[in-house]
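Data block below; observations after.
The values are calculated or read from the model by the stated rules, or taken from the named source; none is laboratory data. Keep in mind that this is a model prediction, so the values were computed, not measured. Positions of Cβ are generated from backbone atoms using ideal geometry, with glycine treated the same way; all protein chains shown enter the neighbour counts. When the accessible area is computed, the model is the full protein with side chains, heavy atoms only, and any ligands, DNA or RNA have been set aside. Shrake-Rupley method; radii C 1.70, N 1.55, O 1.52, S 1.80 Å.
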Amino acid sequence: MPEQLPLHQGCSYADLICRAIQRWPDRTVLIDAEGGVSYGELGGRIARMVAAFAAAGLKRGDSLAQISSNRVDALVISSAALMAGVRYTPLHPLGSLEDQTFILEDAAITALVADVPAFAGRGRDLAAAGAGLEQVFTLGPADFGTDILALAADQNEAPLEPVAEAGDVAWLAYTGGTTGRSKGVLLPHRSMVFNALITLAEWQWPREIRLLTATPITHAAGAMIVPVMLRGGTTVMLPGFEPEGFLAALAEHRITATFLVPTMVYVLLDHPALKQTDISNLEMIIYGAAPMSPTRLVEAMEVFGPIFTQLYAQTEAPNTVTCLRMEDHDPARPERLASCGSPLAGIQVAILDDDDNEVAVGEPGEICVRGPLVMDGYWQRPEETAATLRNGWLHTGDMAKRDEDNFYYIVDRAKDMIISGGFNVFPREIEDVLTSHAEVAMAAVIGVPDEKWGEAVKAIVVPRPGTSPNAADLISLVRDAKGPVYAPKTVEFVDDLPVTPLGKPDKKAIRAAYWGDSERQVH
């Protein structure tokens, strides 16, 4: 008699992929630089890859990492891992060799897949550096490893039968590491399924979804593909973000939805080719991963229309904590454009004080989350897991306020708060003021060591093309809007800001010029 599963056992993330493939066999599911693939063809490629994994000795509970560009084969690998119950860890394509080697060792990865030719050099380096690696596979022929595509081509196609269960780890995803070494986030199939269902239920998708992704599918964009598949949509994958290519793809594929980080929106707004691009099919722009300037958001709405949706989440609770819906992007209520939205259905979200009591409306506190979406913990970090998941809440480390309508306003990461002269200063509020200036494209605010104030507020500003903003004017602008405590003591102008692999302004890199190698960036 077969083993009886619990009555209320949920499905796996792999089950969702199978449902989509069964529903829409003849539709186009993915398009990359090599062309389009149907749902049925994708199912066949995944089935043969599952068989190739088995032939290579990979089994349920094993660990596999992949470094790849945005291509169909990368999704075949990750989907096959999900089907086979193999713990999957994506390596960010823009990550350093040092960070990626750390992840391989920290996550106890035994099998690596490297995209060839895009990452042949890095794959070779990782294969040499990864002490625990037992097998190295390549997507295409190379002078190292085993060509997993050739191995899969020799396999017989069989029906897709996922062996993973809801409680198994689907992804061991690593955080960006902007505050130190990356941490492995244990995301079970339960979490990924719940993310997909919230995404389907709560986001305002177009009726016909043609999603354009230019950010790595190893992160937020990748979590959107399965929900799009369940609607029978198509995902067009670009190898990276380059404004001319992105705009050309918008028109060529009659894109109806896309995901961008704020810096990409700014680049598009400032690019001359935008005015010559047909964007008439675009019905939804999802943005997130970093705060967007309210002033530039209004500008973007004037160009693209009222089609913006903001997501707020983190790796520990992927993609779906709060959402600022399209109708909430109201220029007549400019204060709301600084909000990250209100909590989504199916999870509990609250703003708590240091004792985990809910704060009053308008008071700052930490955003905390609970529900099936939340991670199981950090890989082999019991103390950090206990600290982050204390008292039945995921503590995000993001400081926020809420208004009477339950809209949340992030004032900063707890770690980014500046203490100047004994006053708490939140850089996000200053950055919003600075980017309201007509000559400012982007701004980052940090605290720098100061003998008098402890930390002094410093602004690093990227001017708009062809302009030369005045530092004194910007300081006065902030002083008038926020008071003297918030006014920058100094302003530095730069051509661009360093960003993390996720496209966020890299505050750690910006601070390094002023704090050096000090781990304790408090003065």
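What to note about this one:
- Using a probe of 1.4 Å on the protein chains alone, the accessible area found for Trp515 is around 30 Å².
- In this structure the chain gives 42 Å² per residue of accessible area when probed at 1.4 Å with all protein chains present.
- For the chain, the Cβ-based charge dipole about the Cα centre amounts to some 400 debye (Lys, Arg positive; Asp, Glu negative; other atoms uncharged).
- Cβ-placed point charges (K, R +1; D, E -1), dipole of segment 237-390 about Cα centre in debye, nearest 20: 460
- For the chain, the longest principal axis of the alpha carbon atoms and the long axis of helix 471-482 meet at an angle near 90°.
- With Cα atoms, 0 to 90° folded angle of helix 243-252 axis to the chain main axis: 60
- Acute angle (nearest 10 degrees) that the helix 294-304 long axis makes with the longest principal axis of the chain, alpha-carbon atoms: 50
- Considering only Leu151, Ala360, Ile410, the residue lying farthest towards the positive end of the dipole of the chain is Leu151, judged by Cα position with unit charges set on Cβ.
- The chain, relative contact order in percent, only Cα pairs under 8 angstrom and at least six apart counted: 11
- Potential lengthening between Lys482 and Arg254 on full extension [0.36 nm per residue; Cα-Cα distance subtracted]: 77.7 nm
- Placing unit charges on the Cβ atoms only, positive for Lys and Arg and negative for Asp and Glu, gives segment 391-472 a dipole magnitude near 200 debye about its Cα centre.
- Among beta bridges that DSSP assigns inside segment 109-219, antiparallel share in %, nearest 5: 40
- When each of Lys415/Lys489; Lys275/Lys504; Lys183/Lys482 is checked by Cα-Cα distance, pairs over 30 Å: Lys183/Lys482
- DSSP-loop GluC sites (Glu not before Pro) across segment 138-226, with at most 16 other Cβ within 10 angstrom: Glu157, Glu208
- With θ taken as phi - 60° and the Karplus curve 6.51 cos²θ - 1.76 cosθ + 1.60 applied, the whole-hertz 3J(HN,Hα) list for segment 70-79 is 6, 8, 4, 4, 5, 6, 4, 4, 5, 5 Hz, x standing for glycine and proline.
- Secondary structure note: in segment 1-160, about 20% of the DSSP beta bridges are antiparallel.
- Separation of segment 315-356 and segment 154-232, taken as the distance between their Cα centroids, equals 21 angstrom.
- Modelled this way, with points 7 Å down the Cα-to-C-beta line, the labels at Leu269 and Arg370 are 3.9 nm from one another.
- Solvent accessible area, Å² - Lys507, 1.4 Å probe, full protein context: 30
- Here's the picture: a label point sits 7 Å out from the Cα of Glu358 along the beta-carbon direction, and within segment 391-405 the residues with their amide nitrogen under 14 Å of it are 402-405.
- Beta bridges from DSSP with both residues in the chain: antiparallel share about 55 percent, rounded to the nearest 5.
- Working note: 222 nm ellipticity from helices only, DSSP H runs with n ≥ 4, each -39,500 (n - 2.57), summed and divided by the residues of the chain, gives -9000 deg cm²/dmol to the nearest 500.
- Taking all protein chains together, Met417, Met237 sort by accessible area into Met417, Met237, largest first [probe 1.4 Å].
- For Lys504, the solvent-accessible surface with a 1.4 Å probe is about 80 Å², rounded to the nearest 10.
- Surface listing: Glu34, Glu134, Glu98 arranged by accessible area from highest to lowest gives Glu34, Glu134, Glu98, probe 1.4 Å.
- Ranked order, Thr235, Thr385 - accessible area, probe 1.4 Å, largest first: Thr385, Thr235
- Shown for segment 81-161: the carbon plus sulfur share of the solvent-accessible area, taken with all protein chains present and a 1.4 angstrom probe, equals 51%.
- Since only Ser476, Pro306, Val349 are under comparison, the one whose Cα sits farthest along the positive direction of the charge dipole of the chain, derived from C-beta charges on Lys, Arg, Asp and Glu, is Pro306.
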